[in-house]
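Coordinate-derived values only; no laboratory data. Keep in mind the model is a prediction, meaning the values are calculated, not measured. We place every Cβ from the backbone using ideal geometry, glycine too, and count neighbours over all the protein chains shown.
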Amino acid sequence: MRSSLSYLRWPLIVTATGVVLAAWLGYRFTGSTSGAVSFLMIALVLAILEISLSFDNAIVNANKLKEMTPAWQRRFLTWGILIAVFGMRVIFPLLIVVIAAGIGPWAAIRLAATSPQEYSRLIQEAHLPIAAFGGAFLMLVALTFFFDQSKEVDWIGKVERALRACGSVRGMEVGFVLVIILVFVWLLPVRDEHLFMFSAMWGIVTFLAVDALGHVLDRWGEAQERSHSAAQAGLGGFLYLEVLDASFSFDGVIGAFALTQNLFLIAIGLGIGAMYVRSMTVMLVERGTLAEFRYLEHGAFWSILILSIIMFGQTMWHLPEVVTGMLGAVFIGAAFVNSVMWNRRHKGAAQG
C-alpha cells in the first residue's frame, strides 16, 4: 500500500510552484518585498479555504470514483484536475464577467489585470444566479443519496429512514427541491424572483441531464467494454464528477473575492487547494476509507445538503465562507467520530 506521503507528492510540487508564482505576482503588482509576502500569504489562505470547503467534495468524488475503471480514475486525476483548476478557477470567473459586462474574453482578462475592483464588482453582481444554480444542483445531489431505496446504512436514524421512505415516490427529490425554491422565491425581493427561479430551474435541469447522460454512457461503456473496447467506460461518471466539482467550486470562487480581487492570485490559491482535494479523493478510494468508516459518506452528504441551503440563503444574506466550512467540518467530524465508536463497539462484541 502506498504511504501517506506519496499521495502528497504532486500537491507539494504544485504548492511550491504556486508559492513562487504568488510571490512573483505580488512583487510584479506592488514592486515591494512586503507585497510579495502579502500575495504569498493570501495564496496559502485561499488554498486552506478551498480544502475546508471541498473536503465533502472529496468524499463524494471517492464514492463515485471507486465505481469507475482504473483508466477513467487516472483520467479524472489528470484531465479532471486541468478542468477543475483552469476551467472553474480561471475560465469560469472570466465567463461571468464576459456575460455580465458584455465584453470579449481578452477584454475581461485586461479588466482583471488592470481594474481588479471593477472585476470583483461584476463577479459579486452575478452571485445570485450562481448561488441559485449551485444550490439546486447540490441539493439534488444530497437528496438523491438520502432518498435511495437501496441505501442500507443510516447515520441519523429517524431522519434518514423517513427520507428513504419518501424515495418510494418517484421524483420526490425534485418535488422537494421545487418546494424549497418556491419558499425562497416568496422570501426574495420581487426584482430578484425571476432570475432566482430561472437559475435554480437550470440547476435542476443540469442535474437531471447529467444524471441521465451518465446512465446512458455507462451502459454504452459496459457494452463497449464487453466487446473489448473500453473507450467510453466511465465517461458518464467522469462528466458527473466534473459538473459536481463545478458546483462545489462556486462557493470557493465567490468567497475568494472577499480576500483579493486579483484573478491570477485566486487561480493560484484555489488551484493549490484543488490538488490536495484530488489527492484526498485518491487516498479515500485506494485505502477503502469509506468502507472502513461507515458514516463518513453520510456526513459528507449532510454537509452538501446544508451547503445547498446556505447557497440559497446567500441570495438574501451575507454568510461568511468560514461558517460554510465549519458546518461542513462539524458534520464530517461527527460522522467520523461515530464511525470510530461503531467500529470499537462491534469489534469488542466480535471479540466477546
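Here are the numbers:
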{"quantity": "Calculated from backbone phi, Karplus (6.51, -1.76, 1.60) coupling profile of the range 13-26 in Hz, x at Gly/Pro", "calculated": "5, 5, 4, 4, 5, x, 4, 5, 5, 5, 5, 4, 5, x"}
{"quantity": "On Cα atoms only, tilt of 172-187 relative to the major axis of the chain in degrees", "calculated": "40 degrees"}
{"quantity": "Proximal lysines to Lys151, defined as alpha-carbon separation beneath 20 angstrom and excluding residues fewer than eight positions away on the same chain", "calculated": "Lys64, Lys66"}
{"quantity": "Förster radius 35 Å - calculated FRET efficiency between His318 and Arg110 (Cβ-Cβ, nearest 0.05)", "calculated": "0.75"}
{"quantity": "Extension gain, Glu286 back to Glu125 (0.36 nm per residue minus Cα-Cα distance, nm)", "calculated": "53.8 nm"}
{"quantity": "Segment Leu8-Leu95, extension gain: residue separation times 0.36 nm, minus the distance between their alpha carbons", "calculated": "28.2 nm"}
{"quantity": "Potential extension, Leu82-Ala329 segment - 0.36 nm per residue separation minus Cα distance", "calculated": "86.3 nm"}
